[in-house]
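One structure is given here, and the rest of the page talks about it.
The values are calculated or read from the model by the stated rules, or taken from the named source; none is laboratory data. These numbers come from a predicted model, not from an experiment. Glycine also receives a Cβ, built like all others from the backbone with ideal geometry; neighbour counts cover every protein chain displayed. The area values use the complete protein model at the heavy-atom level, side chains included, leaving out ligands, DNA and RNA. Shrake-Rupley method; radii C 1.70, N 1.55, O 1.52, S 1.80 Å.
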Amino acid sequence: MVKDDIVFENIMENLRLTSNMCIENVIKLLNEKMPLSIITKAKICNYFYHYCLKSLKLNTQDIKFVIKKLPIQSYYNPAENEIGISYDFVEKKGALKIFDLIAHELRHCYQEKYKSKTKSFNKSEPITNELLKTTSDIFYIKFDNSISNFNYYITSKNEQDANNFSNEIIIEFLTQMYNNKNSSIKTKKFIKKTIKYIDKKIAHQNKQFLKAKQNISFSFNTLQSKAKNIINDELQYYSDYKQLKNALSKLEQLLYIYCDDTITNKLVQMGFENNDIKLLTMTVNHPSTNISKNTLIDYIGLLINNKINNEKMQRYLSNWNQDSINEALKSYSKQFCHHLIAKNIEDLEK
């Protein structure tokens, strides 16, 4: 069979599968005496994907899973809510060794969908050496070779949570298959071997985590100092040229490492002076910034004046709790009404 002719869309359709059905179907496939084909491996991955969806209370609209021809091994696209894996990679690695990638990325989708929205007036997240992972799946900031930014990525709370979920759900899935009455001797041997592989992976992750924490304790002060200097350079560049030297996403990442009220106030001031909605949105929504009620009211007013609808506004304020948003909207409405009344009186007096 020519690989380019393999069509996976039928395998990946939104089937009404229960958790037990996923287990039973994978056992049937593993019990087959024939070597597993790429199609069979893709089916096994698909059943595990649906099993994880059930566990996380997600559905195929929250995040899609596809296996297709790719120039890379895999990807996660949060904008399209899609996990993609190369079928060459599945064929080479086998189905069960891809489970980790599937479960890990689905957990990140769960974190995003059900994240707690804690941002409110005059409140910011404390900056510690255990940095919060944001929407991006990569938390690398290039400084120099003396600091391993990968350490901050693998010790982040969301990354640890995704690792733990992946390990637990895979062992749960394999154990249920092992204990299933239809599981053959051959399948049981294969499952036991896979569980040993998972146990070794967990041990390696634990060693990697402890080493990263040690490296962080030595490098964090240096990292904060460098981040502060780069941020101040960006602010000066923006003041001179009305644009950032680097991508806005880099500034956003830097603020997770260092941020104070002076920096926040400067960003807010520059954003309003230049009608820079992107800069303001990043600043107002960032967990590390301390935003006043008046600033949020002014920001909401700017969005309304630029015809940003309510749905988009909610996305722009994705870290804010709804009570604070509603309070600011109410205050803006009052101010707007008072402004209209004052203007009408002024017009009448003329």
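Across the range 153-168, computed HN-Hα scalar couplings (Karplus, 6.51 cos²θ - 1.76 cosθ + 1.60, θ = phi - 60°) run 5, 6, 9, 5, 4, 5, 5, 4, 4, 5, 4, 4, 4, 4, 4, 5 Hz from first to last residue, x flagging Gly and Pro. For the pair Gln322 and Asn59, label points projected 7 Å from Cα toward Cβ lie 1.9 nm apart.
Cα-Cα over 30 Å: which of Lys57/Lys293; Lys123/Lys278; Lys157/Lys228; Lys69/Lys119; Lys242/Lys312; Lys157/Lys312?
Where the Cα-Cα span goes over 30 Å, the pairs concerned are Lys57/Lys293; Lys69/Lys119.
Using the 1.4 Å probe convention, the accessible area of the range 207-336 works out to 53 Å² per residue with neighbouring protein chains retained. Segment Gln236..Lys201, full-extension length gain: 8.0 nm, with 0.36 nm per residue of separation and the alpha-carbon distance subtracted. Net length available on complete extension from Ser225 to Gln269 is 13.5 nm, with 0.36 nm assigned per residue and the Cα-Cα distance removed.
Stretching the chain fully between Phe121 and Asp260 yields a gain of 48.5 nm (0.36 nm per residue, less the alpha carbon separation). Solvent exposure of Glu91, expressed as accessible area, is near 70 Å², computed with a probe of 1.4 Å over the protein chains only. Annotation: amide H-H contacts under 5 Å for Phe65 (H modelled 1.01 Å from N, sequence separation of 5 or more, or interchain): Ile83. A protection proxy built from the mean count of other Cβ atoms within 10 Å ranks the segments 212-222, 35-45, most packed first, as 35-45, 212-222. Descending by average beta-carbon neighbour count within 10 Å, the peptides 200-208, 187-195 line up as 187-195, 200-208, the highest first. With Cα atoms defining each centre, the range 267-308 and the range 52-93 are spaced 35 Å apart in the structure. The calculated FRET efficiency for the pair Lys213 and Lys307, based on their C-beta separation and a Förster distance of 45 Å, comes to about 0.40.
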